[in-house]
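The values are calculated or read from the model by the stated rules, or taken from the named source; none is laboratory data. Remember, predicted model here, so these are calculated numbers, not experimental data. Note that we place each Cβ from the backbone using ideal geometry, even for glycine, and neighbour counts take in every protein chain shown.
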Amino acid sequence: MAINEVFPNPTVKGVHFEMRFPNLFYMEKKIGDLQIKIMKKFPESNLILRRQVLLADIGPESKIEGPPDGLDSEAIKKIWNFKSGTGMEVNVLNNSLGIHSIQHKTYNNPTSDEKFKDLIKYVVPSFLEVTAIPVITRIGLRYIDECPIVKKDNKTFQEWYNTTFPLTRFDLSDAKDMNFRATVKKGKYFVRYLEALKKKNGVYTLTFDFDAFAEAIEPQHYLEVTDNLHTLISDEYEASIKEPVYKFMRQPQKDQK
C-alpha cells in the first residue's frame, strides 16, 4: 500500500520518469511542436550537443590512426532540454523522453498540489500526440532517497532500517562505505534496488535508490503502468524503513535532532 502522507521533511531528493522507444529520425522536426505544448510549465529551453567518446586501452606502444569501423568520430547526440526554473526538467532524445524533479515530494497524494503524476500527465500526452509513436520499449520510474544516520552503530541503524547490509559480519561502526544492489522481477515488472552507506560533506547518510521499470508497453497504457511501478517502489520503501524514519520526516527541518 502506498504511503498516504505528505511529510514536511521527506527523504526523497529526486524523482525521475523515463520513456524509451525506437530511434525516431524525425524527432528534430517535431520538437518545436512539443516545445509549444509544454512551454507554460517549461519556459527555459536548450539544445545540448554531447559528443560520443570511445575510451580504449591499447597499451603504451600503440596508437589509434582513426576510429574503429562503424564508429563516427564526429557522432553527436542531441538533447532537447526544457526547464521550469523551479527544479523540474524535461529531456528529449531521438529514443527517449525523461522527466526529472527535485521539487515533488509525492506521486499522487490528493492533499498535495504538487503531484509528480500530474507532471507526467502534462508532458507525456503532448509528446505522444506530436510523435505518434506506436510502441514504448521501456518505462521507468526512479526515486532516490537520502536518509539520516543518527548514530553509526549496528543497534541504532537496525532500529531505523530494515537493512540488506551483512552487519553480523561487518560492523557498521567500522565501515567506510557499504553497498548492496539487486535487480529482481516483480510479476511482469522489474525493480532495481540499491542501498548505499556513504560519507557526504563529512556526514554519513544512507541512500536508497529504487528504479522500477516495465518493457514493451502500448502507449495508451503508459499511465496505468507508471502507477503500478510507483506502487512497487512505495512498497519497497516501506519495507526498508522503520518508525523512527517516519518520525524524522514528520519533523520540520529546524526541529530535527
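A few comments on the model shown:
- Test result for Tyr193, of a type in the set (Phe, Trp, Tyr) and closer than 22 Å to Asn154 by Cα: yes
- Of the set (1) in a loop (DSSP other than H, G, I, E, B); (2) under 21 Å from His104 (Cα atoms); (3) hydrophobic (A, V, I, L, M, F, W, C), all apply to Val15 but (1).
- Scanning the stretch 171-192 for residues that are crowded, with 18+ Cβ neighbours inside 10 Å and of a type in the set (Gly, Ala, Ser) turns up nothing.
- Residue ID - nearest to Gly202 (Cα to Cα), chosen from residues in the stretch 109-147 that are touching a Pro at 6+ places or on another chain (Cβ under 9 Å) and in a strand (DSSP E or B): Asp145
- Restricting attention to the stretch 27-60, the residues being modelled with pLDDT of 95 or more, over 22 Å from the mean Cα position of the chain (by Cα) and part of a loop (DSSP other than H, G, I, E, B) number 3.
- Arg250 being farther than 27 Å from Leu128 by Cβ, surrounded by fewer than 16 Cβ atoms within 10 Å (Cβ to Cβ) and among the charged types (D, E, K, R): yes
- The residue that is farthest from the chain's Cα centre (by Cα), counting only those in the stretch 208-243 that are among the hydrophobic types (A, V, I, L, M, F, W, C) and under 15 Å from Val124 (Cβ atoms), is Ile217.
- Flag if Lys186 is in contact with a strand residue (DSSP E or B) (Cβ under 7 Å, 6 or more places away or on another chain), among the basic types (Lys, Arg) and touching a residue at least 24 places away in the same chain (Cβ under 8 Å): no
- Long-range neighbours under 9 Å by Cβ, at least six apart or interchain, first residue without any contact (Cβ under 8 Å) to a residue 60 or more places away in the chain within the stretch 91-112, second loosely packed, with under 14 Cβ neighbours inside 10 Å: Asn91/Ile48; Gln103/Thr86; Gln103/Gly87; Pro110/Asn4
- Of note, Lys185 does not satisfy the criterion of being more than 28 Å from Val135 (Cβ to Cβ) and of a type in the set (D, E, K, R).
- Among residues of the stretch 193-242 being among the small types (Gly, Ala, Ser) and assigned to a helix (DSSP H, G or I), the one that is surrounded by the fewest Cβ atoms within 10 Å (Cβ to Cβ) is Ala239.
- Taking the criterion of being of a type outside the set (Asp, Glu), in a loop (DSSP other than H, G, I, E, B) and surrounded by fewer than 15 Cβ atoms within 10 Å (Cβ to Cβ), the residues of the stretch 73-94 that qualify are Ser73, Ala75, Gly85, Thr86, Gly87.
- Every residue from the stretch 181-207 that is among the aliphatic types (A, V, I, L, M) and more than 17 Å from Asn162 (Cβ to Cβ): Val203
- Residue match in the stretch 166-182 (condition: touching a Leu at 6+ places or on another chain (Cβ under 6 Å), modelled with pLDDT of 95 or more and basic (Lys, Arg)): yes
- Residues located in the stretch 14-47, provided they are touching a Ser or Thr at 6+ places or on another chain (Cβ under 9 Å) and charged (D, E, K, R): Glu18, Arg20, Lys30, Asp33, Lys37, Lys41, Glu44
- Extreme residue, surrounded by the fewest Cβ atoms within 10 Å (Cβ to Cβ), among residues of the stretch 101-157 that are at pLDDT 95 or above and among the small types (Gly, Ala, Ser): Ala132
- The set of residues in the stretch 198-222 being touching a strand residue (DSSP E or B) at 6+ places or on another chain (Cβ under 9 Å) and of a type in the set (Gly, Ala, Ser) consists of Ala212, Ala214, Ala216.
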